[in-house]
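The values are calculated or read from the model by the stated rules, or taken from the named source; none is laboratory data. Every value quoted in this text rests on a predicted model; they were computed, and no experiment measured them. Because the Cβ atoms are built from the backbone with ideal geometry, glycine has one as well, and the counts that use them run over all protein chains shown. Just the protein is used for accessible areas: all its heavy atoms, side chains included, with ligands, DNA and RNA removed. Shrake-Rupley method; radii C 1.70, N 1.55, O 1.52, S 1.80 Å.
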Amino acid sequence: MAPGRRFRKTKLDNGLRILTEQVPFVRSVSLGTWVQVGSRDERDAERGISHFLEHMLFKGTQKRDAFQIVHSLESLGGSLDAFTYRDLTCFYARCLDEHIDVALDVLLDMLQNPRLDAGEIQKEKGVVLEEIQNVEDTPEDLVHDLFARSVWGRHPVGAPILGTPETVRTFTGEALRGHLDRTYRPDRMVISAAGNLDHDHLVDLVCRLFKPSGAAGCQLVRERPTDAVRTECHYQRDVGQTHICLGTTAYAYTHPQQYDLLVANTALGGGMSSRLFQHVRERLGLAYAVYSYLEALEDTGLLGVYLACDRARAGQSIEIVRSELSRFRREGISKEELESCKAQLRGELILGYESMDRRMGRIAREEIYTGRYHSQEEWLVAINRVTREGVLEVCEALMDENRMHLITLGR
């Protein structure tokens, strides 16, 4: 089978999309059910309901209790998990190729037949409240939530994915059922799988197991966020270090200069050989943790720098980060640095393709964000096409001091 034919897509009459990437030389399958709904789709009074519903779908169906859901795959050597993001929710399983029927049956049972028992809802509120408190008690997590809120302002895309204690306490079975029926619609869902599998067999399984409800759904309407007014804010916390996030909004997933930005981020703080790591940690010893990162959504993105250091060194560390951003904006990167970063990205991409989880997630996100499949070869070509001029353009556009939000958390 030619490499391009290892990917197949089927769209059912109800709008559900089924994607597979066959990898015949492994014995595993990674299988995910993706729903195009996340924290950005919530109203103020229901912050965190997407994440809470994700939890509740593990708490029992009409034919399985909570233990049977997880034991069904763990007893076969597999695993089951889920996550909620700003614009996506995913439930996924990893199993041996011979157990794909079991994995899909469990996943679709969870999505279609949850009990949403009142007693379990009350118990899970306690669990999620502890999860929220854990973020509050973990400054390296909390500072990122505060940073996202600063960068995106009042737009819901920047709201905490877990919600707030006040909203979580209000959730009811009726509210959860309503959210499920409104948003978990077949035309907003993707089933993706990668590994040793047969596409037609998976499609047949889905057609047999997926029975959409007759409840009326709602059209997905999202308002693109605009840049919030630049802010600098310190949050007082009794912790040993000062935690720092500095950055701004960046490019959406489909932006034509996304690869230029990936290279710029790699050079800035994408590894131990990056400028920030070498300058802040290796040369001056100011911080243990320092890196830059990107988030890319369907209509917006984020570029951030994070570091944690002693309070007495926070000012110096911030000035170094700012000076590196300013130098990037003036000079871009050298030819040698460009080639090194491109090689790093190529290596990360190729190594990532050895993970069935990564393959499964990649084809799902490509479908959701772009509507098409991009092969590994296409990604490699796009990386190779990045030029110094393109990197300089994104640095000039994004690494502007007048755009930079600064959030610090500590004493």
Could you run through segment 29-69 and say how many residues are among the basic types (Lys, Arg) and either touching a strand residue (DSSP E or B) at 6+ places or on another chain (Cβ under 8 Å) or open to solvent by 30 Å² or more (accessible area, probe 1.4 Å) (or both)? 4
Take the residues in segment 305-317 that are open to solvent by less than 50 Å² (accessible area, probe 1.4 Å) and touching a Leu at 6+ places or on another chain (Cβ under 7 Å); name whichever of them is nearest to Val151 (Cα to Cα). Val305
Within the bounds of segment 9-20, is there any residue that is more than 24 Å from Arg208 (Cα to Cα), in contact with a helix residue (DSSP H, G or I) (Cβ under 7 Å, 6 or more places away or on another chain), touching a residue at least 60 places away in the same chain (Cβ under 8 Å) and not in a loop (DSSP other than H, G, I, E, B)? no
For Leu80: the one exception among (1) buried (at least 22 other Cβ atoms within 10 Å of the Cβ); (2) in contact with a Leu (Cβ under 6 Å, 6 or more places away or on another chain); (3) under 30 Å from Pro156 (Cβ atoms): (1)
Quickly run through segment 368-378 and pick out the residues that are touching a residue at least 24 places away in the same chain (Cβ under 8 Å) and surrounded by fewer than 19 Cβ atoms within 10 Å (Cβ to Cβ). Tyr369, Thr370, Tyr373, Ser375, Gln376, Glu377
Reported set for segment 262-289 where residues are without any contact (Cβ under 8 Å) to a residue 24 or more places away in the chain and in contact with a Ser or Thr (Cβ under 9 Å, 6 or more places away or on another chain) is Ser274
Gly173 versus (1) of a type outside the set (A, V, I, L, M); (2) open to solvent by 40 Å² or more (accessible area, probe 1.4 Å); (3) in contact with a Leu (Cβ under 7 Å, 6 or more places away or on another chain): which is the lone unmet condition? (2)
Here are Arg329, Arg365: which of them is assigned to a helix (DSSP H, G or I), in contact (Cβ under 8 Å) with a residue 24 or more places away in the chain, open to solvent by 60 Å² or more (accessible area, probe 1.4 Å) and within 17 Å of Ala250 (Cα to Cα)? Arg329
Going through segment 332-362 in order, the residues found to be of a type in the set (A, V, I, L, M, F, W, C) and either surrounded by fewer than 18 Cβ atoms within 10 Å (Cβ to Cβ) or in a helix (DSSP H, G or I) (or both) are Leu338, Cys341, Ala343, Leu345, Leu349, Ile350, Leu351, Met356, Met360
Counting only strands (runs of 3 or more DSSP E) entirely within segment 26-109, those with at least 2 residues that are in contact with a Phe, Trp or Tyr (Cβ under 7 Å, 6 or more places away or on another chain) are 28-35, 79-84
Could you list, in sequence order, the residues of segment 278-304 that are of a type outside the set (S, T, N, Q), in a helix (DSSP H, G or I) and open to solvent by 20 Å² or more (accessible area, probe 1.4 Å)? His279, Arg281, Glu282, Arg283
Please work out which one of (1) modelled with pLDDT of 95 or more; (2) under 30 Å from Arg188 (Cβ atoms); (3) in contact with a helix residue (DSSP H, G or I) (Cβ under 7 Å, 6 or more places away or on another chain) is the condition Leu338 fails and give its number. (2)
Exactly one condition in (1) open to solvent by less than 30 Å² (accessible area, probe 1.4 Å); (2) over 22 Å from Thr89 (Cβ atoms); (3) without any contact (Cβ under 8 Å) to a residue 60 or more places away in the chain is not met by Ser72; state its number. (2)
Can you tell me which residue in segment 383-395 is farthest from the chain's Cα centre (by Cα), limited to those that are surrounded by fewer than 15 Cβ atoms within 10 Å (Cβ to Cβ) and not polar (S, T, N, Q)? Glu389
